Amino acid sequence: MGAPPDNDVLWARALHFRHNDGSPGLSGVSLGVGEGEILAVGGPRGSGKTTLLRCLSGLVPVAGGEVWFNSVPVHTMRTAARERLRRERFGWIDPVPMLVPELNVWENTALPLMLRGVARRPARATALEWLERLDVGDKARKRPGDLVHAERQRVCIARALAPAPSVLFADEPTAPLHRADRRHVLRTLTTAARSHGITVLLATADADTAALADRTVSLLDGRRVHTLHLPPVPGTAETEGRAACSLSV
């Protein structure tokens with residue numbers, strides 16, 4: 001098996017993954033993501049979006065196939081090496097906000113920076129800058145328990161962006177937010193990613209969210225699918241429209 005193309009920062013070939021109960025999570029998924037690209041991974045609930053992000057980020061080992069990051073094989077890394085890669089080069093946003101309850105908001109946001117060795121003062125300055133961008137700068141000294149759910153999620157997004165990761169994995173990042181807030185937060189996320197050259201993999205079932213990405217790949221039952229629009233058959237009810245079907249690839 002050869003190395004991936006040089007222009008892909010993240011590349012996967014024929015990924016297979018099975019859940020603990022034996023059910024397939026991914027069945028032969030392949031894709032490439034260019035540096036600085038924002039890629040939406042779409043599909044209904046249970047289609048394999050989260051599983052794909054977890055495999056690509058090295059959070060779980062694949063059962064078969066290859067995952068490469070900047071021409072380095074993630075699929076052959078030991079657990080400690082994958083953990084170091086996630087800590088130093090990757091960022092992650094969950095759909096459910098997870099913060100350290102004993103730390104205040106700016107400390108939670110600065111935590112990834114300080115774990116990388118950044119001194120407390122510059123880490124705090126960077127954290128406060130991102131909290132302001134996400135409209136929670138006034139919550140900097142509060143504890144997570146003092147925030148509402150949507151505010152905690154904004155803090156999680158700020159925390160993921162603060163270290164300027166090479167790749168940001170965002171799993172339904174605006175799911176806890178009201179629809180009115182989603183577009184603003186997503187625009188902040190995508191604008192920041194573009195300005196810092198961050199590659200983003202955005203798992204979403206929402207078409208409006210996917211529209212902010214450069215490109216979308218779709219999953220169904222753990223496989224990549226393409227939707228093809230077929231020409232109408234003359235003399236049928238399809239004459240004024242177009243039929244569509246999904247094909248696994």
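The values are calculated or read from the model by the stated rules, or taken from the named source; none is laboratory data. Note that the structure is a prediction, hence the values are computed from the model and not measured. All Cβ positions, glycine included, derive from the backbone under ideal geometry; neighbour counts span all protein chains shown. Note: areas computed on protein heavy atoms with side chains; ligands, DNA, RNA excluded. Shrake-Rupley method; radii C 1.70, N 1.55, O 1.52, S 1.80 Å.
General remarks:
- Evaluated on the range 59-121, the Kirkwood hydrodynamic radius is 13.9 Å, with distances taken between all distinct Cα atoms.
- Take every pair of alpha-carbon atoms less than 8 Å apart whose residues are at least six positions apart; their mean separation over the length of the range 59-118 yields a relative contact order of 23 percent.
- Taking every Cα-Cα distance in the chain and sorting them into 10 Å bins from zero, the calculated P(r) comes out as 7, 29, 33, 21, 7, 2, 1, 0 percent.
- Each residue, Ser195 and His19, gets one label point 7 Å from its Cα in the Cβ direction; the gap between the two is 4.0 nm.
- Length available on full extension from Asp206 to Arg120: 0.36 nm per residue minus the Cα-Cα distance, which gives 27.2 nm.
- Neighbour net charge for Leu10 - beta-carbon separation under 12 angstrom, K R +1, D E -1: -2
- Gyration tensor over the Cα atoms of the range 24-76: the corresponding equivalent ellipsoid has semi-axes (square roots of 5 times the eigenvalues, largest first) of 18, 15, 9 Å.
- Å² per residue, accessible surface of the range 4-43 at 1.4 Å: 42 Å²
- The antiparallel fraction among DSSP beta bridges confined to the range 144-232 stands at about 40%.
- Per residue, the average separation of C-alpha pairs within less than 8 Å and at least 6 apart gives the range 22-78 a relative contact order of 23 percent.
- Loop exposure criterion: GluC sites (Glu not before Pro), DSSP state outside H, G, I, E and B, at most 16 other Cβ atoms within 10 Å. Applied to the chain, the longest stretch between such sites is 103-249.
- Diagonalising the gyration tensor over the Cα atoms of the range 1-126 and scaling each eigenvalue by 5 before taking the square root yields semi-axes of 29, 18, 14 Å, largest first.
- Share of pairwise Cα separations in the range 106-216, more than 24 Å, in percent: 21 percent
- 18 Å reach of a label modelled at Arg141, 7 Å along Cα-to-Cβ, counting backbone N of the range 82-113: 102-110
- Each Cα pair under 8 Å and six or more residues apart adds its separation to the average, and for the range 143-231 the resulting relative contact order is 26 percent.
- Alpha carbon centroid spacing (whole Å) that separates the range 123-176 from the range 1-75: 26 Å
- Gain upon complete extension [Arg78, Asp221; 0.36 nm per residue less C-alpha separation]: 48.6 nm
- Expressed as a whole percent, the accessible area of the chain that falls on carbon and sulfur atoms is 51 (1.4 Å probe).
- Placing pseudo-labels 7 Å out from each Cα toward the beta carbon at Met98 and Arg187 gives an inter-label distance of 3.1 nm.
- The stretch between Leu59 and Arg87, if pulled fully straight at 0.36 nm per residue, gains 9.0 nm over its current Cα-Cα span.
- The simple spin-label model puts a point 7 Å past each Cα toward its Cβ; for Arg45 and His178 those points are separated by 2.3 nm.
- Loop trypsin sites (Lys or Arg not before Pro), the range 47-116 (other Cβ atoms within 10 Å of the site Cβ: 14 or fewer; DSSP): Arg78, Arg116
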